[in-house]
1. In what order, largest first, do Ser24, Ser430, Ser394, Ser456 sit by accessible area if the probe radius is 1.4 Å?
2. Give the value in nm², to one decimal: projected area of the alpha carbon convex hull of the stretch 95-139, averaged over all directions.
3. Starting from the coordinates of the alpha-carbon atoms of the chain, obtain the Kirkwood hydrodynamic radius over all distinct pairs and give the value in Å to one decimal.
4. For the stretch 117-216, state which GluC sites (Glu not before Pro) are in a DSSP loop and have at most 14 other beta carbons lying within 10 Å of their beta carbon.
5. Summarise the accessible area of the chain (1.4 Å probe, protein heavy atoms) by the percent that is carbon and sulfur.
6. Relative contact order for the stretch 208-355: what is it in percent, counting Cα pairs under 8 Å that are at least 6 residues apart?
7. Taking a ≥ b ≥ c as the square roots of the Cα gyration tensor eigenvalues, with a/c under 1.5 meaning rounded and otherwise prolate when a/b beats b/c, else oblate, which class fits the stretch 1-124?
8. Could you work out the equivalent-ellipsoid semi-axes for the stretch 55-155, taking the square root of 5 times each eigenvalue of the Cα gyration tensor, largest first, in whole Å?
Amino acid sequence: MTAVFSIRPVILCGGSGTRLWPLSRKAFPKQFIPLIGEKSLLQLTLERVAPLARGQAEAITCVAAEEHRFLVADVATQAGLSVRQILEPQARNTAAAMALAALAAPTDALLLFCPADHHIPDAQAFCAMVQGAAPAAQAGRLVTFGVLPSFPSTAYGYIQKGAATGAGFEVARFVEKPAQDKALEFLASGQYLWNAGIFLMRAQALLDALQVHAPDILDVCRQAMQQPQRDGLFLRPDAQVFAGCRSQSIDYAVMERAGNVSVYPFAGVWSDVGSWNAVAQLAEPDADGNRAGGEVQHAHHLRAQDTYIHAGGQRPVVALGTRGLLVIDTPDALLVADASHAEAVKEVVAKLETLDATQAVQHRRVARPWGWYDSIDLGPRHQVKRIMVKPGASLSLQKHHHRAEHWVVVSGTAEVTNGDKVMVLSENQSTYIPIGQVHRLANPGKVPLEIIEVQSGAYLGEDDIVRFEDSYGRK
């Protein structure tokens with residue numbers, strides 16, 4: 001009977017997803033966006049690895065940015081899982097992220113490191129692959145996984161197989177993203193796999209490898225984890241110490257240098273969903289090769305060929321007589337690109353950042369730990385927001401120096417603190433919050449609360465806020 005190993009999955013949630021702009025943005029990257037049906041890539045990843053944890057309490061760890069902690073928590077709740085989070089004070093790439101997770105785990109734990117934003121539809125085949133590699137990892141090997149290539153991709157790194165070792169292979173070498181002729185050569189040889197960026201190893205084996213090949217990264221991470229701040233399921237390394245860590249991928253820092261590396265092939269469907277072309281491939285084409293995503297009922301192709309439309313709202317998006325285009329519509333930004341330039345979308349984000357365009361970082365609809373708000377209109381001295389507060393949640397007790405607010409309840413029940421008064425408002429009822437008035441909005445009900453907020457004043461920035469009490473650890 002084949003042994004079944006208990007494995008501790010570690011989900012690396014640090015990607016910014018700039019190649020999927022404007023749907024993915026730095027404050028709300030692609031791993032949190034419902035791209036596959038109604039589920040996000042992170043939720044699908046959590047559901048895929050959960051069977052490997054075999055019921056161990058809080059066996060799944062997410063390494064995430066501080067600013068994304070409540071997004072991760074929401075997705076874990078949607079997946080029905082209790083997930084511990086290690087919050088990176090700054091992004092320092094995968095070597096540091098994996099070191100933090102290994103330092104927080106039992107030294108003999110088998111750790112499976114997975115990116116949060118990959119799509120692997122056959123979860124059962126994935127778990128079988130991991131279990132098949134577990135004996136090698138248990139014996140001290142550093143295991144990585146490679147995908148059998150289906151076309152000569154120039155967007156992925158490659159792993160060359162060496163001598164066979166059971167179901168796996170020793171790694172002969174890692175190869176960066178190749179030119180087209182090399183990719184064709186790799187595919188024809190049958191000796192190369194796409195580098196999936198998924199790893200399995202004992203915590204101590206990783207720490208030992210870091211000690212040999214990247215001791216400075218390990219030293220900083222070890223110091224940062226000596227006295228971490230614990231807040232429920234959140235674990236915060238020392239931010240001041242961690243700031244001194246250099247940024248490097250685990251491939252460069254360890255895997256390409258170590259001698260005890262094995263690769264196990266995966267024959268199932270895999271995508272890193274790394275471009276709009278990759279997203280388009282997830283949708284079924286029509287007879288002319290056209291595809292659609294998002295609010296597909298609002299995407300329309302007329303005399304078009306090989307055109308992908310992502311419709312992002314209630315307005316119709318029409319491609320007329322187009323060929324080989326990507327059309328990505330969101331409420332506050334529109335991307336129209338030739339499909340051959342899909343990999344260059346990150347350059348658009350860089351350009352917008354130089355122009356200080358908020359659309360490079362933030363969506364019009366902004367997630368908050370208590371719910372979300374959507375800025376539906378903005379003028380010189382006014383702003384209109386649609387606000388949703390989750391059942392049982394509340395905003396901080398706060399005041400503003402430069403703006404007044406009018407609140408109208410659209411649905412649900414609102415508990416409003418307005419100065420020294422506390423009132424309960426129902427649908428179609430309203431209240432006025434004067435400038436400088438201490439106030440709070442809460443949802444005491446069992447259904448989401450939605451209100452329309454009209455702000456008026458000389459300054460309407462999000463930094464005009466003084467918090468007196470907050471349930472989410474914000475100052």
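The values are calculated or read from the model by the stated rules, or taken from the named source; none is laboratory data. Given the structure is predicted, the values throughout are model-derived calculations rather than measurements. Glycine also receives a Cβ, built like all others from the backbone with ideal geometry; neighbour counts cover every protein chain displayed. To get the accessible areas, we keep the full protein, side chains included, count just its heavy atoms, and leave off ligands, DNA and RNA. Shrake-Rupley method; radii C 1.70, N 1.55, O 1.52, S 1.80 Å.
1. On the way: Ser24 0, Ser430 70, Ser394 25, Ser456 45 Å².
My answer, sorted largest first, is Ser430, Ser456, Ser394, Ser24.
2. Numbers: hull surface 15.7 nm².
If I average the Cα hull's projected area over directions, I get 3.9 nm².
3. Numbers: mean 1/r = 0.0409 Å⁻¹.
Evaluated over the chain, this radius sits at 24.4 Å.
4. Details: sites: Glu170, Glu176, Glu185; in loops: Glu176.
Sites meeting the loop and neighbour criteria: Glu176.
5. Details: 11050 of 21570 Å².
Answer for the chain: carbon and sulfur cover 51 percent of the accessible area.
6. On the way: 191 pairs, mean separation 18.3, N = 148.
Result for the stretch 208-355 is 12 percent.
7. Details: a/c = 1.91, a/b = 1.31, b/c = 1.46.
Because a/c hits 1.5 or more and a/b fails to exceed b/c, the stretch 1-124 counts as oblate.
8. On the way: eigenvalues 110, 69, 53 Å².
Taking √(5λ) for each eigenvalue gives 23, 19, 16 Å, largest first.
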